[in-house]
Amino acid sequence: MSLAQETEAAQAITAELRANQNAQALTDADKVLKASPSDCRILTLRGIALLRMGQQGEARASFDRALKFCPQSLPALEGAAQIDYAAHAPDAAALLERILAQRPDDPTTHAMLGALDFQHGNCAAAITHFAKSSALIEHSEEAQREYAACLFTEDQPQQAIELFQQLATQDASETNLVTLAYVQWKSKDNAAALRTLAALLASTDAGSRVYSLAAQIAEDSNDTPHAVQWLRTAILKDPHDPENYLLFATLSFNHASYQVGIDMVNTGIQQIPDSARLFLARGVLEVQLSKIDAAVSDFQKAHALDPKLSFAQDAMGMVHSQQHDAAGSLAIFRAQAAAHPGDPLLQYLYAEALSEQDQTSGEENLKLAIAAVKKSLELEPGYQSARDLYCKLLLQTENYNEVIHQAEIALKNDPTDQSALYQQMQAERRLGNKEAVTAMVARLNDLKQKEKAAQVRYQLSDTQPQNSTP
């Protein structure tokens, strides 16, 4: 087929597509391709026809064939990118970057890349792309939310608040108001945050997350009565959300109302009997009332339900507050570890208590702590919290190579383990491995940013009016 004939055929198929005659366009494209199987234009038009007919897989294959013969074909790149973007395929970003290489100012491509970067927690890149597509994303509430969330994540709170306020003005939905209030609270403007939530708090239709957030803001403002009131309402709104019970437990602990906290956590356990964190919280409160056997039983139950649950992260902050008797805790865990030598959790708790005493009690406690945590790991090699503690203790002994070895084991089990990565970074630094330290600093910062982005994405999740999990 001559070039003129191919051009004429392409024009005819294009006219059919414009007339929405997709099946006819496909038939005609196939006829042309029998004579000219490498015609990029026809392959691309064929892909468009298939895409409109809902045959994404065949359409993607047709675009791929077009790109094989014409790697720079913008129509083929756009068709393939559209399919991959909609399917959340890993190749979508690479295709969009190839489009930008030819059209660096294309707002649609920038908007799509911004959304992909947001989904992957790469907010710095997302901000750049969103800024280059600002006129386009003004028509997408979701894109504006993602842009604002990334501005907040990247420590640009004022710009984030302004954009969230604009969203809330355009659409005073519960999601928009809760997200605005959250960002205002995290930006240290508690009064503004509560004003944002005022209308929702006065409504009987507001969801659990509204009251939960208001309670946290109130407590941060030293308004404990309102914090308690709103937390109780949040629990009534959604009795199957463990977060509200845990917040109530923390509130009770901070105000030495241990039994009140236990009573509320008991209600939570009745509703959510498989929540390891609730058993953990109840155990912490029981320790304060010297209900040691009950506390140890709850710690064991929590560990049985979720062996990866970090006691240090979820409970040690409360246990070792100024109100807690650390020396008494050490005696308790020493006795329990001796009575139950085959329990990895108790060996870990004993090691943790010893490590808290190390600065005042010296080298002997450090040796005992290492022995206890090693025993915990012998009993349960996959116990992540114990592995993290082992790394921390080894660093104190200046056994840097073993710190690195143990941290690598921990990171193989959980690549997002910031504690293990930090200990490994410290060991590499003391060994003078500058390149390794630089790489780990970047990795740690990336993990922290992704963690912060995940927290913001949680706030952006749709809020349902009744009995919904935020």
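The values are calculated or read from the model by the stated rules, or taken from the named source; none is laboratory data. Keep in mind it's a predicted model, so treat the numbers as computed, not measured. No Cβ is skipped: glycine too gets one built from the backbone with ideal geometry, and neighbour counts run over all protein chains shown. Keep in mind that these areas ignore ligands, DNA and RNA; they rest on the heavy atoms of the full protein, side chains included. Shrake-Rupley method; radii C 1.70, N 1.55, O 1.52, S 1.80 Å.
A few points about this structure:
- Between the stretch 231-302 and the stretch 1-35, the alpha-carbon center distance in angstrom: 69 Å
- The stretch 229-242 - phi-based ³J(HN,Hα) in whole Hz, Karplus 6.51/-1.76/1.60, Gly and Pro as x: 4, 6, 5, 4, 5, 4, 5, 5, 5, 9, x, 9, 9, x
- Charge dipole (the stretch 340-454, unit charges on Cβ, about Cα centre) - positive-most of 376, 350, 413: 413
- Axis angle, to the nearest 10 degrees, between helix 3-18 and the longest C-alpha principal axis of the chain: 60 degrees.
- Cα long-axis angle, helix 157-170 against the chain (0 to 90 degrees, to the nearest 10): 60 degrees
- For residue 258, the accessible surface of its heavy atoms amounts to roughly 30 Å² (probe 1.4 Å, protein chains only, rounded to the nearest 10).
- For the chain, Cys with no neighbouring Cys Cβ under 4.7 Å: 391
- Report note on the peptides 207-216, 108-117: ranked by the mean count of other C-beta atoms within 10 Å, highest first, their order is 207-216, 108-117.
- For the stretch 148-219, the fraction of C-alpha pairs more than 16 angstrom apart is 42%.
- Exposure here means at most 14 other Cβ atoms within 10 Å; with GluC sites (Glu not before Pro) in a DSSP loop as sites, the longest stretch of the chain lacking them is 139-397.
- Accessible area of residue 293 in the full protein assembly, 1.4 Å probe (Å², nearest 10): 120 Å²
- In the context of the full protein assembly, residue 452 retains an accessible surface of approximately 50 Å², using a probe radius of 1.4 Å and ignoring ligands and nucleic acids.
- Neighbours of residue 137, meaning other residues whose beta-carbon lies under 14 angstrom from its beta-carbon, give a summed charge of -4 when Lys and Arg score +1 and Asp and Glu score -1.
- Each peptide in 28-34, 167-173 was scored by the mean count of other Cβ atoms within 10 Å over its residues; highest first, the order is 28-34, 167-173.
- The aspartates and glutamates whose alpha-carbon is closer than 17 Å to the alpha-carbon of residue 452, local same-chain residues fewer than 8 away aside, are 117, 146, 154, 155, 417.
- Rounded to 10°, Cα long-axis angle of helix 74-86 versus longest principal axis of the chain: 30 degrees
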